[in-house]
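Laboratory data are not the source of any read-out in this text; all were calculated from the coordinates shown. Keep in mind it's a predicted model, so treat the numbers as computed, not measured. For neighbour counting, all protein chains shown are included, and Cβ atoms are generated from backbone atoms with ideal geometry for every residue, glycine included.
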Amino acid sequence: MATHREAHYVLDELLGNATDLPITEHATDTHGVTLVNFALFDLVGLQLSPRIRDLGKITLYRTGPPAEFARRYPKAGPLLTQRLNAELITACWDDLLRVAGSLKFGNATASLVVGKWSAAVRQNTLAAALKEYGALRRTIHAARYLADPTYRRKIARQLTRARACTRCVATCTTPTRARSADGTSSSRPSRHGA
């Protein structure tokens, strides 16, 4: 199972795009890669649903003044600490859809998009809009993750299955040592795999 920082590679695979660019990312995700991944997945009609380890450390966004959200949502309102720039998303919506189309039709890859925008010293307006949209999608995912125990269990089951598949692939392709009648050993593929 990929981490949220590797999600663009998974998206490339799901869309049938070859990965263009090896990306080295910092654990702190200083360039907003996680937000971009949430945005790209949603824009192409898929859902990124990672388990949220450090939920208390991520920034959750709101669309209005803090007092209004604290009044309307007494328990969740104070958690929404940052204001979303919805105007930027609206202004760049057509361009965001063009990026999604480029990904879906293979004209660009998610790894290339994430790599180029992460490496840029100055972020352009479209990159900023992509991060804002990703912030919205991650906030929605976090709210659902917090509010819905069934959703959390579903994500946990998927992670368990993915780990089991990874172990199975590793086990099935590991060579085994066989002893011949004369006592010498040779390496051969396991009977479980190729």
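Listed values, structure above:
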{"quantity": "Cα gyration tensor, the stretch 93-160 - rounded (a/c under 1.5), prolate or oblate", "calculated": "prolate"}
{"quantity": "Burial ranking of peptide ranges 96-105, 38-47 (average Cβ count within 10 Å, highest at the top)", "calculated": "38-47, 96-105"}
{"quantity": "Projected label distance in nm at Gln82 and Thr63, using a 7 Å step from Cα toward the beta-carbon", "calculated": "1.8"}
{"quantity": "Length added when fully stretched, Asp54-Arg144, from 0.36 nm per residue minus Cα-Cα", "calculated": "30.9 nm"}
{"quantity": "Extended-chain gain in nm, criterion 0.36 nm per residue less alpha-carbon gap, Leu159 and Leu97", "calculated": "19.3 nm"}
